[in-house]
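Trainee: Okay, handing you the structure first.
The values are calculated or read from the model by the stated rules, or taken from the named source; none is laboratory data. Source: prediction; values computed, not measured. In this analysis, Cβ positions are derived from the backbone assuming ideal geometry, glycine residues included, and neighbour counts consider all displayed protein chains. Note: areas computed on protein heavy atoms with side chains; ligands, DNA, RNA excluded. Shrake-Rupley method; radii C 1.70, N 1.55, O 1.52, S 1.80 Å.
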Amino acid sequence: TFTDGSTAVWTLPEGPRLGANLRYYRWRKWLERVRSDDYRSIWGPTARWIASEHAGGPVPVASVTLVRLFHQNRIDGPPPPYEEFSYYTYVVSDEDGG
């Protein structure tokens, strides 16, 4: 969330999977861990890093919220809509450049 109330969604970096399987695998493994309660120690550094990716932009970052999206898989029929669960929020302070 930016200081003007607008929002952006950060996603894993895109890239070719062919020839870059290791890079893709490492990002997927990192994503698996950063969403886990067992690795809550990396939530803060992750949120700060995501905020830093937008530093120097036209609108300062106010906060970063980490969100889990999930649904129950079905054997047949379309999957249900995803549910959201916000599990960590980092509020950028003036010392952080916010």
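Trainee: Each residue of region 65-76 in turn: what ³J(HN,Hα) in whole Hz from Karplus with 6.51, -1.76, 1.60 and θ = phi - 60°, glycine and Pro shown as x?
Mentor: 10, 8, 10, 9, 10, 8, 7, 7, 6, 10, 6, 10
Trainee: While we're looking at this one, here's another question. How much accessible area per residue does the chain have, in Å², with a 1.4 Å probe?
Mentor: Here the residues of the chain average 77 Å² of exposed surface.
Trainee: Report in % the part of the accessible area of the chain that belongs to carbon and sulfur, leaving out ligands and nucleic acids; probe 1.4 Å.
Mentor: Within the chain, the accessible surface is 52 percent carbon and sulfur.
Trainee: Would you rank Tyr39, Tyr90 by solvent-accessible area, highest first, keeping every protein chain in place and using a 1.4 Å probe?
Mentor: Solvent-accessible surface, decreasing: Tyr39, Tyr90.
Trainee: A further question on this structure: Order 29-36, 52-59 from most to least packed using the mean count of other Cβ atoms within 10 Å.
Mentor: The peptides rank, most packed first, as 29-36, 52-59.
Trainee: Find how much the distance from Ile75 to Arg28 grows on full extension, using 0.36 nm per residue of separation minus their present alpha carbon separation; answer in nm with one decimal. Numbers along the way, then the final one.
Mentor: On the way: separation 47, 0.36 × 47 = 16.92 nm, distance 2.43 nm.
Taking 0.36 nm per residue and subtracting the Cα distance, the gain is 14.5 nm.
Trainee: In the set (i) 1.03; (ii) 1.01; (iii) 0.94, which value of Rg/Rh (Cα atoms, Kirkwood Rh) was calculated from the structure you see?
Mentor: Given (i) 1.03; (ii) 1.01; (iii) 0.94, the calculated one carries the label (i).
Trainee: Moving to a separate point now. Name the long-range amide H neighbours of Tyr88: under 5 Å, sequence gap of 5 or more, or other chain; modelled H, no Pro or chain starts.
Mentor: Leu66
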